[in-house]
Amino acid sequence: MPAADTTSTLSSPSMTTVRSPSAQSPEARAKATMLSPVPVLDTPLAKTVSLARPAILLCLMITRFSALVSDPVATLWSALPVVAVVQAAYAVTCLAVAGSQTVKGAKKARPGERRKNDVSGPNTIPTALLSLVLTGIATPVTYAFLILFGAPLLDHAPHTMLCAAHFALLGLFPVFYARGVDGEALVAVAGASAPLDETYGGLVGAVVGAWLGAVPIPLDWDRDWQRWPVTVVVGMYAGSLLFSWASGTLLYGKRMANVSASKEE
């Protein structure tokens, strides 16, 4: 089953093209500079889970690689709930839930009045479930993007949809959990002006890894592992986990795009 003709355009450098911050309004760029990176919670459990998650997912990928090559649909389908559980446990254990930072901005209580919601923020479990729902909704959108960037249009639809589902779990679910549906934050993420952290780094790494993973597919080597979407899935996982770690440590708080120019305008 040759995949060279149907997926060769996925390796186009246009896959990493993002909207230039200069094309955004000064107001949008100014708001982007106010975004803070999402830290890993400062607890022993959170730090342990943050380090264990890449090891678990990489071990899953390595041990299931042969099955992925021989039967991509069955393998990706069976791995989907495992990845969902790992990602949900990581988010609930390691990340501040979306909206929890707004609690400290609550108004002071009047004399004799009880303060409400001054300690507790949004519930983690409902937020994780809502983020999973948003991830499911985003999966068809991701599928459409994969088609636009060269995935098979009519053939191998289950392969592409499952690849999109894994991408959404790796790259989008942590962002939904930590950023919620804040339009300004999501626009900053889409415009590459958000600060790097584990959540945003995982998304960027998934995009770059999938792009690089598509490179071997059109090469005329006639190998089973070159079939769609094996190398894309492997590159997606490797890129997401590696760049998530780097963005949470070495690159934490840095920005890929220069948004400081908004101050001059």
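Checking G235 against (1) within 29 Å of D155 (Cβ to Cβ); (2) free of Cβ contacts under 8 Å to residues at least 40 places away in the same chain; (3) open to solvent by 30 Å² or more (accessible area, probe 1.4 Å), which test does it fail?
So G235 meets the others, but not (3).
Which one of the conditions (1) under 24 Å from L162 (Cα atoms); (2) at pLDDT 90 or above; (3) surrounded by fewer than 22 Cβ atoms within 10 Å (Cβ to Cβ) does G201 fail to meet, given that it meets all the rest?
Evaluating G201 over (1) under 24 Å from L162 (Cα atoms); (2) at pLDDT 90 or above; (3) surrounded by fewer than 22 Cβ atoms within 10 Å (Cβ to Cβ) leaves (3) as the failure.
How about segment 151-200: which of its residues are β-branched (V, I, T) and assigned to a loop (DSSP other than H, G, I, E, B)?
If the condition is that a residue be β-branched (V, I, T) and assigned to a loop (DSSP other than H, G, I, E, B), then V181 is the only one that fits.
Could you list, in sequence order, the residues of segment 134-150 that are among the small types (G, A, S), part of a helix (DSSP H, G or I) and surrounded by 17 or more Cβ atoms within 10 Å (Cβ to Cβ)?
Listed by number, the list holds a single entry, A138.
For segment 135-159, give me the residue count where each residue is within 18 Å of the chain's Cα centre (by Cα), touching a residue at least 12 places away in the same chain (Cβ under 8 Å) and closer than 17 Å to P81 by Cα.
4
Of the numbered conditions (1) at pLDDT 90 or above; (2) part of a helix (DSSP H, G or I), L250 satisfies every one except a single condition; which is it?
It fails just one condition, (2).
Name every residue in segment 206-230 that is of a type outside the set (F, W, Y), surrounded by fewer than 24 Cβ atoms within 10 Å (Cβ to Cβ) and over 17 Å from A165 (Cβ atoms), in order of residue number.
Matches in segment 206-230: V208, L212, V215, P216, P218, L219, D220, D222, R223, D224, Q226, R227.
From the set of residues in segment 161-190 that are without any contact (Cβ under 8 Å) to a residue 40 or more places away in the chain and closer than 14 Å to A88 by Cα, which is most open to solvent (accessible area, probe 1.4 Å)?
L172
What pairs can you find where one residue is in segment 68-81 and farther than 13 Å from T231 by Cα, the other is surrounded by fewer than 19 Cβ atoms within 10 Å (Cβ to Cβ) and not β-branched (V, I, T), and their Cβ atoms are less than 7 Å apart, with a gap of 6+ or different chains?
V73/P158; T75/R64; T75/A67; A79/L60; A79/R64
Could you pull out every one of the helices (runs of 4 or more DSSP H) wholly within segment 15-133 that has 1 or more residues that are under 24 Å from W211 (Cβ atoms) and modelled with pLDDT of 85 or more?
Helices (runs of 4 or more DSSP H) meeting the threshold: 44-63, 65-70, 72-94.
The values are calculated or read from the model by the stated rules, or taken from the named source; none is laboratory data. Predicted, not measured: the structure shown is a model, and the values here were computed from it. Cβ coordinates were reconstructed from backbone atoms using ideal geometry, including for glycine residues, and neighbour counts include every protein chain displayed. Remember, those area values only see protein heavy atoms, side chains included, never the ligands or the DNA or RNA. Shrake-Rupley method; radii C 1.70, N 1.55, O 1.52, S 1.80 Å.
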